[in-house]
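*Asks:* One structure coming up, written as structure tokens, with questions to follow.
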Amino acid sequence: MHPKRIAVLHNYYQHSGGEDVVFHSEVELLRSYGHEVFTYTVSNDSLKGLSALQMARRAIWNPESYHALKKWFAETRPDVAHFHSISYLLSPSSYQAAYECGVPVVQTLHNYRLICPGGQLLRNQKPCELCVGKHFPYYGILYACYRGDRRATLIRALMVQQQKRAKLWERAIQVFIALTEFSREKFLQGGLPQEKLVVKPNFVAPDPGIGEHRGEYFLYAGRLSPEKGIGVLLEAWQRFSTPPPLKIVGDGPLASMVQHAAQTSRAIEWLGKRPRDEVLTLMQDAKALIFPSIWYEGMSLSLIEALATGLPVISSGHGTMASIVKHGYTGWLFTPHQPDALAASVEEALRSPERLREMQQNAREEYLRYYTPEKNYELLTNIYRRAIEMRQGGAVCES
């Protein structure tokens, strides 16, 4: 069955991020192909002022969301429901509402929350998989892996546990979307059903086009936070006797560290947060993108944007980065956490102008092969058809 009426649901966090961008991009993509798209959104801003107990009740199983969504599904009667985030207000009860209305469910896995209460498979600024495959993530609670708060970590753990107890993964969710082969393997290790896990990457639209890359600078574009490897980046630039120009775009908790580095080194320029079109222009002119993330990542849009503009990437060689960046073909992969290894990759790029030009074309071809809106639409509609086939029959809501 070709899906015509599609419900897309998303729970906004209190701070905007990549999941919001993907949600909006996929809605616009579907509408551009003539689908009737119904969106249902809530925001965690409404949680302000609630006690921990009140927040926990909504996160683990929100009866308000359940009843509201049963009514909404009865009114809209979608062929399929595609969820992005459900934390906290939508809660696992939203899956139950879809199940009781006979609506097939697709869930995109933007982070590792189903197998790690911290959501990043990261602890003490190093990859951590202690909770992967465990019946209950005791280690995550012990180490307070979510925001350093045991109570908040427990709420997240109980939210996932409720999905397991209600057997929602088996009954209510037909397809899980992992963003890369790497993340699919991690979710399989974490216990998600193999037959329900598919890979569909993010995409970039509109196509920014390949750049001329005449600038002599390297570029970092992203959040200025510890897990992004900002410390590794700044240490690497201290290894050069004559450091090459580095432009840093973004903001975050380590902004003061970046500002200090820019004040003490003429080679480093901090541009702060910039609109997306300005970042793409910088990518079209840069020599290479530096991506030193120390966590596995979900799927950073900046990597795909770099490929779209024909920008080679110098990246940490683990996690989803190793699934996207092809060493020696679209960039360089270096040993994570190692400023010396990053500096050595930058030096190799500086010594290899002809190789860089080849990588520019390779990067662009990689985008055209895997990350265009057209390719993504094909993958997405095939996933919807698969979900519909797997959920034949069942109850139907009455409006």
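All of the numbers you see were taken from the coordinates with simple rules; none came from a lab. Since the structure is predicted, the reported quantities are computational estimates derived from the model, not experimental observations. Here the Cβ positions follow ideal geometry from the backbone for every residue, glycine too, while neighbour counts run over all protein chains shown.
*Asks:* Binned at 10 Å from 0, what are the whole-percent values of the Cα-Cα distance distribution for the chain, short to long?
*Replies:* So the P(r) values, bin by bin, are 5, 22, 31, 25, 14, 4, 0, 0.
*Asks:* Rank the residues 35, 337 as a footprinting-exposure proxy: fewest other Cβ atoms within 10 Å of their Cβ go first.
*Replies:* Starting with the residue having the fewest Cβ neighbours, the order is 337, 35.
*Asks:* Arrange the peptides 327-334, 275-282 so that the one whose residues have, on average, the most other Cβ atoms within 10 Å appears first.
*Replies:* The most tightly packed comes first, giving 327-334, 275-282.
*Asks:* Please find the FRET efficiency linking residue 340 to residue 375, where r is the Cβ-Cβ separation and R0 is fixed at 35 Å, and quote it to the nearest 0.05.
*Replies:* That pair, residue 340 with residue 375, gives E of 0.40.
*Asks:* For the chain, list the cysteines whose Cβ sits under 4.7 Å from no other cysteine Cβ?
*Replies:* That list is 116, 128, 131, 145.
*Asks:* Could you work out the Rg to Rh ratio of the stretch 1-130, with Rh taken as the Kirkwood radius (inverse of the mean 1/r over all Cα pairs)?
*Replies:* Here the Rg-to-Rh quotient is 0.99.
*Asks:* Turning to a different aspect of this structure: Rounded to the nearest 10 degrees, what's the angle between the helix 353-370 long axis and the longest principal axis of the chain, both from Cα atoms, 0 to 90?
*Replies:* 10
*Asks:* Over all directions, how big on average is the projection of the convex hull of the alpha-carbon atoms in the stretch 218-370, in square nanometres?
*Replies:* 7.9
*Asks:* A further question follows. Which order do 67, 10 fall in if you start with the one that has the fewest other Cβ atoms within 10 Å?
*Replies:* 67, 10
*Asks:* Using 0.36 nm per residue, how much length does the chain from residue 260 to residue 147 gain when fully extended, once their Cα-Cα distance is taken away?
*Replies:* 38.1 nm
*Asks:* Output ³J(HN,Hα) for the stretch 279-286: one whole-Hz value per residue in order, computed from phi by the Karplus curve 6.51 cos²θ - 1.76 cosθ + 1.60 with θ = phi - 60°, and x for Gly and Pro.
*Replies:* 5, 5, 5, 4, 5, 5, 10, 6
*Asks:* Can you work out the FRET efficiency for the pair residue 162 and residue 54, with r the C-beta to C-beta distance and R0 = 25 Å, to the nearest 0.05?
*Replies:* About 0.95, to the nearest 0.05.
*Asks:* Quick check: Cα centre of the stretch 183-248 to Cα centre of the stretch 69-102, how many Å?
*Replies:* Taking the Cα centre of each part, the stretch 183-248 and the stretch 69-102 sit 33 Å apart.
*Asks:* For residue 217, what residues show an amide H to amide H distance below 5 Å, using hydrogens built from the backbone and excluding near sequence neighbours?
*Replies:* 287
*Asks:* Would you look at the GNM of the chain, springs on alpha carbons closer than 10 Å, and say which of 163, 96, 54 moves the most?
*Replies:* Residue with maximal mean-square fluctuation among 163, 96, 54: 54.
*Asks:* From the phi of every residue in the stretch 329-337, what ³J(HN,Hα) in whole Hz does the Karplus formula 6.51 cos²θ - 1.76 cosθ + 1.60 yield, where θ is phi - 60° and glycine or proline is x?
*Replies:* Along the stretch 329-337, the couplings run 10, 10, x, 10, 10, 10, 5, x, 6 Hz.
*Asks:* Still on this structure, I have one more. Provide the net charge surrounding residue 173, with neighbours chosen by a C-beta distance below 13 Å and charges set as Lys +1, Arg +1, Asp -1, Glu -1.
*Replies:* Result for the local shell: +4.
*Asks:* Return a whole-number percent for the relative contact order of the chain, with Cα pairs under 8 Å and 6 or more residues apart as the contact set.
*Replies:* Relative contact order, the chain: 17 percent.
*Asks:* Between residue 47 and residue 396, what's the calculated FRET efficiency when r is the beta-carbon distance and R0 is 22 Å? Round to 0.05.
*Replies:* Efficiency, rounded to the nearest 0.05: 0.10.
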